[in-house]
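See structure below.
The values are calculated or read from the model by the stated rules, or taken from the named source; none is laboratory data. No experiment lies behind these values; they were computed from the predicted model shown. Cβ sites come from the backbone with ideal geometry, for glycine too, and all protein chains shown count toward neighbours.
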Amino acid sequence: MNPVVMTLTLRGLLGRRRAVLLVLLPVLLIAMSGLLRWASGGDPVSTVHLMNDFALGTLLPLMCLLIGVGVIGTEIDDGSIVYLLAKPVPRRTIVWSKLAVAWGTAMVVAVLPIVAAVEISGDQDARLGLAYAATAALAALAYTAVFVALSVVTRNAVIIGLLYALLWETVLGGYVPGVRNVSVRQWALAAAERILGDRASVWGVTSEVSFKAALLLLAGTIIGAIVLAVRRLQTLRLTTGD
């Protein structure tokens, strides 16, 4: 990884208007968790519904989309990526540097608020907090890698990413059995189910795949996205019109 690339990427990501959304969306989640705590009295089942339906199903993929597109997609769109590609820095180093920033940002602005929301809305012996911390972290790693790769592959990354996040992961991935088997959210939930043990079924935390299979699928998705991003960046022409 290249510290200079990472610094420039972080400045570009947090210096744009999307930084406002990166703050507003977690604040919305925290506000909803506070209302839920007032309404349900801290019932863990209600917490699970909020986390599964909104935090993991909508907020997390949208946050990762904003971050993934922000670290490299914007540079490709405005043509400023040519200045970076012209430097004697390996393309894989550029991808890894931007991924490191994207992953770190996702952990701070997406995963930590989800854990805080769990504790505010209602937990029991901090087990739900631990379970959703692992789930959100795994999902964030996969989502961010996919959206970074998507930003390198196409200039329509935002549109495609929104369709994927809102339609596939939120609607179909939450309710259609066949689609749930190939949903990042469902794969990540296998970690929560494993951590909660017997309480998982009681609280409604279930996954469509086994824990080992979920880890393999998540790892394969992340590795595949990284390989795709590196190869595409290696063939990207040094022109503002590419």
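Okay, residues lined up against (1) of a type in the set (A, V, I, L, M, F, W, C); (2) surrounded by fewer than 16 Cβ atoms within 10 Å (Cβ to Cβ); (3) in contact (Cβ under 8 Å) with a residue 40 or more places away in the chain:
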| residue | (1), (2), (3) |
| --- | --- |
| Gly104 | no, yes, no |
| Val115 | yes, no, no |
| Val118 | yes, no, yes |
| Gly122 | no, no, yes |
| Gly129 | no, no, no |
| Leu141 | yes, no, yes |
| Phe147 | yes, no, yes |
| Val152 | yes, no, yes |
| Ala157 | yes, no, yes |
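Test of understanding: among Asp78, Asp43, which residue is surrounded by fewer than 19 Cβ atoms within 10 Å (Cβ to Cβ) and either over 20 Å from Asp123 (Cβ atoms) or at pLDDT below 80 (or both)?
Working: Asp43 fails: either over 20 Å from Asp123 (Cβ atoms) or at pLDDT below 80 (or both).
Of the residues listed, the single one that is surrounded by fewer than 19 Cβ atoms within 10 Å (Cβ to Cβ) and either over 20 Å from Asp123 (Cβ atoms) or at pLDDT below 80 (or both) is Asp78.
Tally up the residues in the range 1-15 that are surrounded by 18 or more Cβ atoms within 10 Å (Cβ to Cβ) and β-branched (Val, Ile, Thr), please.
Number of matching residues: 2.
Among the residues of the range 16-34, are any surrounded by fewer than 22 Cβ atoms within 10 Å (Cβ to Cβ), outside any helix (DSSP H, G or I) and touching a helix residue (DSSP H, G or I) at 6+ places or on another chain (Cβ under 9 Å)?
Yes, the range 16-34 contains at least one residue that is surrounded by fewer than 22 Cβ atoms within 10 Å (Cβ to Cβ), outside any helix (DSSP H, G or I) and touching a helix residue (DSSP H, G or I) at 6+ places or on another chain (Cβ under 9 Å).
Restricting the first residue to the range 53-75 and requiring it to be closer than 16 Å to Val95 by Cβ, which pairs with a second residue that is among the basic types (Lys, Arg) meet a Cβ separation below 7 Å and a spacing of at least six or different chains?
Once the first residue is closer than 16 Å to Val95 by Cβ and sits in the range 53-75, its partners that are among the basic types (Lys, Arg) give Gly70/Arg16; Gly70/Arg18; Val71/Lys98; Ile72/Lys98.
Considering the range 81-96 alone, what residues qualify as being of a type in the set (A, V, I, L, M, F, W, C) and over 19 Å from Val69 (Cβ atoms)? Reasoning before the result, please.
Here is the first cut: in the range 81-96, the ones of a type in the set (A, V, I, L, M, F, W, C) are 81-82, 84-86, 89, 94-96.
The answer is Ala86, Val89.
If you scan the range 86-95, which residues turn out to be in a helix (DSSP H, G or I) and surrounded by fewer than 18 Cβ atoms within 10 Å (Cβ to Cβ)? Show your work before the answer.
Residues of the range 86-95 that are in a helix (DSSP H, G or I), as a first pass: 91-95.
Residues satisfying the conditions are Arg92, Thr93.
Scan the range 58-75 for residues that are surrounded by fewer than 22 Cβ atoms within 10 Å (Cβ to Cβ) and either within 23 Å of Trp187 (Cβ to Cβ) or not β-branched (Val, Ile, Thr) (or both) and jot them down.
Keep residues of the range 58-75 that are surrounded by fewer than 22 Cβ atoms within 10 Å (Cβ to Cβ), which gives 58, 62, 74-75.
Scanning the range 58-75 gives Thr58, Leu62, Glu75.
Does Lys87 satisfy being over 17 Å from Leu21 (Cβ atoms), among the basic types (Lys, Arg) and over 17 Å from the mean Cα position of the chain (by Cα)?
Numbers: over 17 Å from Leu21 (Cβ atoms): yes; among the basic types (Lys, Arg): yes; over 17 Å from the mean Cα position of the chain (by Cα): yes.
Yes.
Look at Ala110 and say whether it is within 18 Å of the chain's Cα centre (by Cα), surrounded by fewer than 22 Cβ atoms within 10 Å (Cβ to Cβ) and within 29 Å of Leu228 (Cβ to Cβ).
no
Go through the range 76-85 and give me each residue that's touching a residue at least 60 places away in the same chain (Cβ under 8 Å) and not in a helix (DSSP H, G or I).
Residue satisfying the conditions is Gly79 alone.
Give me the residue from the range 108-139 that is among the acidic types (Asp, Glu) and not in a helix (DSSP H, G or I) and, out of that set, farthest from Ala31 (Cα to Cα). Break it down into steps so the answer makes sense when it comes.
At the first step, the residues of the range 108-139 found to be among the acidic types (Asp, Glu) are 119, 123, 125.
Then drop every residue that is not not in a helix (DSSP H, G or I), which leaves 123, 125.
Numbers: Asp123: 16, Asp125: 22 Å.
Looking at residues that are among the acidic types (Asp, Glu) and not in a helix (DSSP H, G or I), I get Asp125.
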